[in-house]
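Participant: The structure's right below; bear with me while I get my questions together.
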Amino acid sequence: NAGVTQTPKFQVLKTGQSMTLQCAQDMNHEYMSWYRQDPGMGLRLIHYSVGAGITDQGEVPNGYNVSRSTTEDFPLRLLSAAPSQTSVYFCASSSPRTDYANTGELFFGEGSRLTVL
Amino acid sequence: ELKVEQNPLFLSMQEGKNYTIYCNYSTTSDRLYWYRQDPGKSLESLFVLLSNGAVKQEGRLMASLDTKARLSTLHITAAVHDLSATYFCAVEITFGNEKLTFGTGTRLTIIP
């Protein structure tokens, strides 16, 4: 089972460059999200999607763009990279909790470590 | 704005000892999650606590939830080296919201 797959695992960018972090899941999960992890700050939600064609902002959306054209894929775009975007990025997915009994736990990818010089 | 605080942030303990990690949150929450992260790795789900008074146990780890106190605990019994990791709690604001707010994490190191 592939689960949640993120690419690339490592990336170095120069300030001002753009790039896309890819995320794909094969569990037919409707909910997908992007978090960034910085030392001492836990994980912070960047953007999330509750289904194809629907996206919304999280806690720290500035400088990032997302789209959800299919259930499986949820790419994260950095429009003009800045050193403050140096971080580890995690994509996560979960099945919709249509009733209270569903746990809603997130399944995480392996992470993408991004350095912006 | 929901705030989730964990303490301690760092914990170094000897094998065989017991200890507790605390997770406090600032507003009423629907449910609470505990995750484990090994260095350089992804996050792994440990427990999902769905209601007040919920208690879950897996091996040497036991998690509990007190929604009235807005507090969850992760208790470690007779620690072993394999439990060395960073532990995160995460809180969901409302049912169906699908957004989690994570604590800052507790880095646990078990010393032989």
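Participant: If we scan region B:27-46, do we find a residue that is touching a Lys or Arg at 6+ places or on another chain (Cβ under 8 Å), surrounded by 19 or more Cβ atoms within 10 Å (Cβ to Cβ) and either hydroxyl-bearing (Ser, Thr, Tyr) or farther than 23 Å from B:LYS3 by Cα (or both)?
Facilitator: Scanning region B:27-46, I find at least one residue that is touching a Lys or Arg at 6+ places or on another chain (Cβ under 8 Å), surrounded by 19 or more Cβ atoms within 10 Å (Cβ to Cβ) and either hydroxyl-bearing (Ser, Thr, Tyr) or farther than 23 Å from B:LYS3 by Cα (or both), so the answer is yes.
Participant: Going residue by residue through region A:27-44, is there one that turns out to be part of a strand (DSSP E or B), farther than 25 Å from B:GLU5 by Cα and either free of Cβ contacts under 8 Å to residues at least 40 places away in the same chain or within 14 Å of chain B (Cβ to nearest Cβ) (or both)?
Facilitator: We begin by selecting, within region A:27-44, every residue part of a strand (DSSP E or B); these are A:31-37, A:43-44.
With farther than 25 Å from B:GLU5 by Cα added as a condition, the list becomes A:31.
Restricting the remaining residues to those that are either free of Cβ contacts under 8 Å to residues at least 40 places away in the same chain or within 14 Å of chain B (Cβ to nearest Cβ) (or both) gives A:31.
Scanning region A:27-44, I find at least one residue that is part of a strand (DSSP E or B), farther than 25 Å from B:GLU5 by Cα and either free of Cβ contacts under 8 Å to residues at least 40 places away in the same chain or within 14 Å of chain B (Cβ to nearest Cβ) (or both), so the answer is yes.
Participant: Being touching a Ser or Thr at 6+ places or on another chain (Cβ under 7 Å), surrounded by fewer than 19 Cβ atoms within 10 Å (Cβ to Cβ) and small (Gly, Ala, Ser) narrows it down to one of B:SER51, B:SER84, so name that one. Can you show your working first?
Facilitator: Numbers: B:SER51 fails: touching a Ser or Thr at 6+ places or on another chain (Cβ under 7 Å).
Step by step, each of B:SER51, B:SER84 is checked, and only B:SER84 is touching a Ser or Thr at 6+ places or on another chain (Cβ under 7 Å), surrounded by fewer than 19 Cβ atoms within 10 Å (Cβ to Cβ) and small (Gly, Ala, Ser).
Participant: Confirm whether B:LEU2 is at pLDDT 90 or above and within 21 Å of A:LEU106 (Cβ to Cβ). I'd like the intermediate steps shown before the answer.
Facilitator: On the way: at pLDDT 90 or above: no; within 21 Å of A:LEU106 (Cβ to Cβ): yes.
Here the answer is no, as B:LEU2 does not meet what is asked.
Participant: Here's something else I'd like to know. Quick check on region B:87-109. Is at least one of its residues without any contact (Cβ under 8 Å) to a residue 60 or more places away in the chain, in contact with a strand residue (DSSP E or B) (Cβ under 8 Å, 6 or more places away or on another chain) and under 30 Å from A:MET32 (Cβ atoms)?
Facilitator: Taking every residue of region B:87-109 in turn, at least one turns out to be without any contact (Cβ under 8 Å) to a residue 60 or more places away in the chain, in contact with a strand residue (DSSP E or B) (Cβ under 8 Å, 6 or more places away or on another chain) and under 30 Å from A:MET32 (Cβ atoms).
Participant: Which one of these is at pLDDT 95 or above and under 20 Å from B:TYR33 (Cα atoms): A:GLU59, A:GLU110, A:GLU30?
Facilitator: A:GLU110
Participant: Just give me the residues in region A:49-59 being more than 14 Å from chain B (Cβ to nearest Cβ) and surrounded by 14 or more Cβ atoms within 10 Å (Cβ to Cβ), in sequence order.
Facilitator: We begin by selecting, within region A:49-59, every residue more than 14 Å from chain B (Cβ to nearest Cβ); these are A:52-53.
The one that is more than 14 Å from chain B (Cβ to nearest Cβ) and surrounded by 14 or more Cβ atoms within 10 Å (Cβ to Cβ): A:ALA52.
Participant: If you don't mind, there's one more thing I want to ask. It is to be established whether one or more residues within region A:66-88 are outside any strand (DSSP E or B), facing another protein chain (nearest Cβ under 9 Å) and modelled with pLDDT under 95.
Facilitator: Narrowing region A:66-88 to residues outside any strand (DSSP E or B): A:67-72, A:74-75, A:79-86.
Going one step further and asking which of them are facing another protein chain (nearest Cβ under 9 Å), we end up with none.
Scanning region A:66-88 turns up no residue that is outside any strand (DSSP E or B), facing another protein chain (nearest Cβ under 9 Å) and modelled with pLDDT under 95.
Participant: Taking only region B:39-73 into account, find how many residues are of a type in the set (Asp, Glu) and under 18 Å from A:GLU105 (Cα atoms).
Facilitator: Of the residues in region B:39-73, the ones of a type in the set (Asp, Glu) are B:44, B:58, B:66.
Next, from what is left, pick out any that are under 18 Å from A:GLU105 (Cα atoms): B:44, B:58.
The qualifying residues number 2.
Participant: Further question on the same structure: In the list B:ALA85, B:ALA79, which residue meets the criterion of being more than 10 Å from every other protein chain (Cβ to nearest Cβ), closer than 24 Å to A:GLY3 by Cβ and hydrophobic (A, V, I, L, M, F, W, C)? Before the answer, list the steps.
Facilitator: Details: B:ALA79 fails: closer than 24 Å to A:GLY3 by Cβ.
Residue meeting the stated conditions: B:ALA85.
Participant: Right, something else. Sort through B:GLU92, B:GLU1 and tell me the only one that's surrounded by 15 or more Cβ atoms within 10 Å (Cβ to Cβ) and either within 18 Å of A:MET41 (Cβ to Cβ) or within 14 Å of chain A (Cβ to nearest Cβ) (or both). Write out each step before concluding.
Facilitator: Details: B:GLU1 fails: surrounded by 15 or more Cβ atoms within 10 Å (Cβ to Cβ).
The unique qualifying residue is B:GLU92.
Participant: Does A:ASN62 satisfy the criteria of being surrounded by fewer than 18 Cβ atoms within 10 Å (Cβ to Cβ) and either touching a residue at least 24 places away in the same chain (Cβ under 8 Å) or within 14 Å of another protein chain (Cβ to nearest Cβ) (or both)? Can you show your working first?
Facilitator: Numbers: surrounded by fewer than 18 Cβ atoms within 10 Å (Cβ to Cβ): yes; either touching a residue at least 24 places away in the same chain (Cβ under 8 Å) or within 14 Å of another protein chain (Cβ to nearest Cβ) (or both): no.
Spelling it out, it is not the case that A:ASN62 is surrounded by fewer than 18 Cβ atoms within 10 Å (Cβ to Cβ) and either touching a residue at least 24 places away in the same chain (Cβ under 8 Å) or within 14 Å of another protein chain (Cβ to nearest Cβ) (or both).
Participant: Working carefully through the options A:THR55, A:THR20, A:THR70, find the one that is more than 19 Å from A:GLU105 (Cβ to Cβ), hydroxyl-bearing (Ser, Thr, Tyr) and touching a His at 6+ places or on another chain (Cβ under 8 Å).
Facilitator: Details: A:THR20 fails: touching a His at 6+ places or on another chain (Cβ under 8 Å); A:THR70 fails: touching a His at 6+ places or on another chain (Cβ under 8 Å).
It is A:THR55.
Participant: Still on this structure, I have one more. Among the residues of region A:35-54 satisfying the criterion of being hydrophobic (A, V, I, L, M, F, W, C) and within 14 Å of the chain's Cα centre (by Cα), which is modelled with the lowest pLDDT?
Facilitator: To start, the set of residues in region A:35-54 that are hydrophobic (A, V, I, L, M, F, W, C) comprises A:41, A:43, A:45-46, A:50, A:52, A:54.
Adding the requirement that they be within 14 Å of the chain's Cα centre (by Cα) leaves A:43, A:45-46, A:50.
Working: A:LEU43: 93, A:LEU45: 93, A:ILE46: 95, A:VAL50: 88.
The extreme case among them is A:VAL50.
The values are calculated or read from the model by the stated rules, or taken from the named source; none is laboratory data. Treat the numbers as computed from the prediction; the structure is a model and nothing was measured. We place every Cβ from the backbone using ideal geometry, glycine too, and count neighbours over all the protein chains shown.
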